[in-house]
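Down below is the structure, laid out as structure tokens.
The values are calculated or read from the model by the stated rules, or taken from the named source; none is laboratory data. Small disclaimer: the values here were computed from a predicted structure and weren't measured. Cβ: placed from backbone, ideal geometry, glycine included. Neighbour counts: every protein chain shown.
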Amino acid sequence: MGFTSRFEGRVYTIAGGPLIIPLNTTPYFELFPTASITFQKSDDHAFSLNYGRRISRPYYNQLNPFRQYLNPNAYFEGNPSLQPSFTNSIKLSHIYKGFPIISLSYDHTTNWIGDIGSDNNGNQVLTFQNFRNKSNYELSTLSAFYPFKWLENTNMFTLWHIMVNSASPQTQVNAKGWGAYFYTNNSISFNQAKTISGDVTFMYIFPSQDAIYRWKAMVSLDLGLKVAATKKIQIALNATDILKSRKYAIDMFVNQINQQALFRPDNSYKISISYKFGNSKIKQDENQRRVEDDDRTKKKSGMGM
């Protein structure tokens, strides 16, 4: 069991003439407590309950009032009057042999910062405001399997339900919905010495609600190959989004209009060659011990099923 608390306050004193750019001079005095309770059921199983309150300050680009162009017809402006947002969170976790394999959490954020679009003489303008309160329920799982000596599999799955209340007349007043995310990674060793290894990563985002945005489904597949040509030379090949399907498409309701946006990162193919300097013989025995320790850990770990 543990409990800590932090106090934070802010007071502005401005001397001199009038400000050209208005600043957020609102003082605040806040407490940020954290508390945790852990129940050790057995040597392998433990349960923890954590509570915390935190502050999220605006980023520089969200405060910078000068225009930053995204393209000739779109730009965003920061808002120097932004206030920080505050989040209360509580999380219950099941820990197995040091791994948090499943957790259930609840977060509530007030004064959340978001961007709002508008039209200015045919130009699309994005500005930032404190206009939302957000509640989020989340269930997340993590699992790792070692079915063979040459295969390591790691999986993550997250399911959430979000509810947003907006104080801005330009956006949807209330929005809520479900969302989910799945990720799996497979590391493969092609020989006993582990000098040739591969990596397969698959990701799928279900149609999801995220604040006032509705994300469409997205899938992605990445591949990697690593070859230790010698003890000092390593060659790596990486291909991202080989299916060319990584498209981030969203629907949103702004200014009484249903709007859509699409962003697609470029898929890439990379080759890299690295060379290690120094005397490798000194570390040869140490590296061999690490490999043996890793193998023993995988055999003993209950995560390695």
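What tally of residues in the stretch 205-223 results from selecting those that are under 28 Å from residue 239 (Cβ atoms), of a type in the set (Val, Ile, Thr) and crowded, with 18+ Cβ neighbours inside 10 Å?
Number of matching residues: 1.
Results for (1) surrounded by 16 or more Cβ atoms within 10 Å (Cβ to Cβ); (2) polar (S, T, N, Q); (3) closer than 24 Å to residue 179 by Cα, shown as yes or no for each residue.
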{"position": "85", "(1), (2), (3)": "yes, yes, yes"}
{"position": "93", "(1), (2), (3)": "yes, yes, yes"}
{"position": "118", "(1), (2), (3)": "no, yes, no"}
{"position": "129", "(1), (2), (3)": "yes, yes, no"}
{"position": "132", "(1), (2), (3)": "yes, no, yes"}
{"position": "137", "(1), (2), (3)": "no, no, yes"}
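Does the stretch 81-101 hold any residues that are on the phi < 0 side of the Ramachandran plot, of a type outside the set (A, V, I, L, M) and not in a strand (DSSP E or B), and which are they?
Passing the criteria: 81, 83, 84.
Hey, could you check the stretch 173-187 for residues that are surrounded by fewer than 16 Cβ atoms within 10 Å (Cβ to Cβ) and under 15 Å from residue 224 (Cβ atoms) and say which is nearest to the chain's Cα centre (by Cα)?
Once the filter is applied, the top-ranked residue is 184.
Identify the residue in the stretch 79-122 that is touching a residue at least 40 places away in the same chain (Cβ under 8 Å) and of a type in the set (Gly, Ala, Ser) and, among all such residues, is nearest to residue 158 (Cα to Cα).
Per the criteria, the residue is 93.
Any chance you could count how many residues in the stretch 100-145 are of a type outside the set (Gly, Ala, Ser) and closer than 17 Å to residue 86 by Cα?
Selection size over the stretch 100-145: 17.
For the stretch 32-73, which residues satisfy the criterion of being in a loop (DSSP other than H, G, I, E, B), surrounded by 11 or more Cβ atoms within 10 Å (Cβ to Cβ) and aromatic (Phe, Trp, Tyr)? Working first, answer last.
Restricting attention to the stretch 32-73, the residues satisfying the condition of being in a loop (DSSP other than H, G, I, E, B) are 41-44, 57-59, 64-67, 72-73.
Imposing the further condition that a residue be surrounded by 11 or more Cβ atoms within 10 Å (Cβ to Cβ) reduces the set to 44, 57-59, 64-65, 67.
Listed by number, the list holds a single entry, 59.
For a quick check of your reading of the model, give me the residue pairs whose first member lies in the stretch 209-225 and is closer than 10 Å to residue 248 by Cα, whose second is buried (at least 18 other Cβ atoms within 10 Å of the Cβ) and among the polar types (S, T, N, Q), with beta-carbon atoms closer than 9 Å and at least 6 apart or on different chains.
215/208; 215/209; 216/208; 217/208
Could you check the stretch 66-108 and list, in sequence order, the residues that are at pLDDT 95 or above and aromatic (Phe, Trp, Tyr)?
Within the stretch 66-108, 106 is the sole residue that qualifies.
Please tell me if residue 76 is in contact with a Leu (Cβ under 6 Å, 6 or more places away or on another chain), part of a strand (DSSP E or B) and of a type outside the set (A, V, I, L, M).
So residue 76 passes the test.
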